[in-house]
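K.L.:
Have a look at this one.
The values are calculated or read from the model by the stated rules, or taken from the named source; none is laboratory data. Given the structure is predicted, the values throughout are model-derived calculations rather than measurements. Positions of Cβ are generated from backbone atoms using ideal geometry, with glycine treated the same way; all protein chains shown enter the neighbour counts. With ligands, DNA and RNA removed, areas are computed over all heavy atoms of the protein, side chains included. Shrake-Rupley method; radii C 1.70, N 1.55, O 1.52, S 1.80 Å.
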Amino acid sequence: MKNRQRIIKDLKEQIDENNLPKHIAIIMDGNGRWAKKRFLPRTAGHKEGMERVKEIVEVSARLGIKHLSLYAFSTENWKRPEQEIDGLMKLLVQYLRSEIERLHKNNIKIKALGDISKLPSLQRKEVEDAMEKTKNNSRMILNIGLNYGGRDEIIVATKNILKDIKMGKMNIEDLDANTFEKYLYTKKQPDPDLLIRPSGELRISNFLLYQIAYTEFWFSNIYWPDFREEHFYQAIIDYQKRDRRYGGI
Ligand code: FPP
């Protein structure tokens, strides 16, 4: 067996399948720096990053992860040069067109997190079609953050709650964490157990702000395009060693 395959097998065997994180969130960072190191345009980094998306989605589903959330485009990413935004939007369509059949066949449900009404019309349609096609799938939910911002999500939820109160659909007294969560993009899904951020940055960058209250973080210096199956397993192994107390003792 080749060395890498042996490493993967060893790591996989260390994972306790009875204690898997139900929900893993990933901030896919470092595409630009990966490309720069190779004297390539930033878009080349995103393209290679898309290959890792395919790999990690497949590995997650095989392992039995029920919810995977990937941060693909934030509410702040519109500040990037137009050419880079175009490149990312093209990759999104490319990804959906090339993967949708396989995702559907593998019983994976696609869900967008974020205000997709602000995406260009082609991208919006592709995302809506993918969600519609896979809406009854149940093996794993693949959440893709698209024009997603944690603050934006909380503000949108608050506005919708106020509208419902005004229309008499809800009483202020009934508002608690349970009802609030129903207004988030992640409604009906558990909070992330594990959040992975590669590329050496130690911050949250507006991802799932409400949902990460008790999430375990795993940081690494690897750039996202270099983040492979073995790193994913290592993150899960490390997670399984953590003592989660949720404020208790
Ligand atoms: C952050 O790296 C990455 C992004 C803003 C885009 C993530 C997109 C992909 C991985 C590809 C497309 C994904 C799908 C689901 C189709 P960065 O550009 O900020 O890297 P840097 O910090 O090194 O500059």
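K.L.:
With unit charges on the beta carbons (Lys and Arg positive, Asp and Glu negative) and the dipole taken about the Cα centre of the chain, which residue among HIS46, VAL59, LEU142 sits farthest to the positive side?
P.N.:
HIS46
K.L.:
Taking H placed 1.01 Å from N in the peptide plane, check which residues at least 5 places from GLY145 or on another chain put their amide H under 5 Å from its amide H.
P.N.:
It is LEU70, TYR71, ALA72, PHE73, LEU113, by chain and number.
K.L.:
Rounded, prolate or oblate: pick one for the chain, where a ≥ b ≥ c are the square roots of the eigenvalues of its C-alpha gyration tensor, a/c under 1.5 means rounded, and failing that, prolate if a/b is larger than b/c, else oblate.
P.N.:
Values: a/c = 1.61, a/b = 1.21, b/c = 1.33.
Cα axes put the chain in the oblate bin.
K.L.:
Taking square-rooted eigenvalues a ≥ b ≥ c of the alpha carbon gyration tensor, is the range 63-184 rounded, prolate or oblate, where a/c under 1.5 means rounded and, failing that, a/b exceeding b/c means prolate?
P.N.:
Working: a/c = 2.30, a/b = 1.39, b/c = 1.65.
Note, shape of the range 63-184 comes out oblate.
K.L.:
With each pseudo-label sitting 7 Å past Cα toward Cβ, what's the HIS104-LYS54 distance in nm, one decimal?
P.N.:
The two pseudo-label positions are separated by 1.8 nm.
K.L.:
Also, I was wondering about something else. Give me the accessible area per residue for the range 13-116, probe 1.4 Å, as a whole number in Å². Show your work: numbers first, answer last.
P.N.:
Details: 5180 Å² over 104 residues.
On a per-residue basis, the range 13-116 sits at 50 Å².
K.L.:
Let me have the 222 nm mean residue ellipticity of the chain computed from DSSP H runs of 4+ only, each contributing -39500 (n - 2.57), with the sum over all residues rounded to the nearest 500. Could the numbers behind the result be given before it?
P.N.:
Working: 8 runs with 112 residues, N = 249.
One gets -14500 deg cm²/dmol as the mean residue ellipticity at 222 nm.
K.L.:
Cut-off under 13 Å on the C-alpha distance; same-chain residues fewer than 8 positions from LYS2 excluded. Which aspartates and glutamates are left, in chain and number order?
P.N.:
ASP10
K.L.:
Quick one: grab the alpha carbon gyration tensor of the range 112-249, order the square roots of its eigenvalues as a ≥ b ≥ c, and give me rounded if a/c is under 1.5, else prolate or oblate depending on whether a/b is larger than b/c. All intermediate terms of the calculation are to be shown ahead of the outcome.
P.N.:
Numbers: a/c = 2.02, a/b = 1.30, b/c = 1.55.
Judged from the Cα gyration tensor, the range 112-249 comes out oblate (a/c at least 1.5, b/c at or above a/b).
K.L.:
Also: Rounded to the nearest 0.05, what FRET efficiency do ILE212 and ASP238 give with R0 = 22 Å and r taken as the Cβ-Cβ distance? Could you check?
P.N.:
Values: r = 17 Å, r/R0 = 0.77.
The value I calculate is 0.85.
K.L.:
Give me the distance in nm between label points sitting 7 Å out from Cα along the Cα-to-Cβ direction at ASP115 and ARG38, one decimal.
P.N.:
3.5 nm
K.L.:
Per 0.36 nm of contour for each residue apart, how much would the distance between ILE249 and LEU175 grow if the chain were fully extended, relative to their Cα-Cα spacing?
P.N.:
Details: separation 74, 0.36 × 74 = 26.64 nm, distance 2.82 nm.
Separation in residues times 0.36 nm, less the Cα-Cα distance, equals 23.8 nm.
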